[in-house]
Amino acid sequence: MRRLFDQPTGRKMEGQAAQRPAFAGKAHDPELSSSRWQAVRAAQLGAFPICEVCGKRAAEEVHHILPRAHGGDTFDPGNLASVCAECHGKLPAMYKRGVLTPDALAGLLAARRFANG
Ligand SMILES: [Zn+2]
């Protein structure tokens, strides 16, 4: 991918998200510090501002349904879910225990989005 910034850390995230360590990720991930990701992330949170897992809290993070470490696409909107920090924190354990799979989550989100128009 073409680099858009010369600075080693790229552009910082705005607001409170910038104050937290990256979710379960490695520091200075070039894709997650890219302007492309910032745009995709903002579009996802704009389209789905409420957590798509609990349906209650405001979404403040974007989850990769099929984890990037497992080959999930970073920028494909079809691989993204708006989540609150609490739900985002629980998802890896749910995947690990087999309580939830990426396919099941994708199906759940598709059904909810369809139902909500
Ligand atoms: Zn939630």
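Bear in mind these aren't lab numbers, they're just calculated from the coordinates by the rules spelled out. These numbers were taken from a predicted model, which means no experiment stands behind them. Here the Cβ is made from the backbone with ideal geometry for all residues, glycine too, and neighbour counts use every protein chain on show.
Observations on the structure shown:
- Sparse-neighbour loop sites [trypsin sites (Lys or Arg not before Pro); the range 29-117; at most 10 other C-beta within 10 Å; DSSP]: Lys56
- The range 109-116 - phi-based ³J(HN,Hα) in whole Hz, Karplus 6.51/-1.76/1.60, Gly and Pro as x: 5, 4, 5, 5, 5, 5, 5, 8
- For Leu80, distant residues with modelled amide H under 5 Å away: Ile65
- Computed from point charges on the beta carbon alone (+1 for Lys and Arg, -1 for Asp and Glu), the dipole magnitude for the range 48-117 about its Cα centre is near 240 Debye.
- Lys56 sits among other residues whose Cβ lies under 14 Å from its own Cβ, and their net charge, with Lys and Arg +1 and Asp and Glu -1, is 0.
- Length gained on full extension, His28 to Asp76: 15.2 nm, using 0.36 nm per residue less the C-alpha separation.
- Rounded, prolate or oblate (a/c below 1.5 giving rounded, otherwise prolate when a/b exceeds b/c) for the range 48-117 by Cα gyration tensor: rounded
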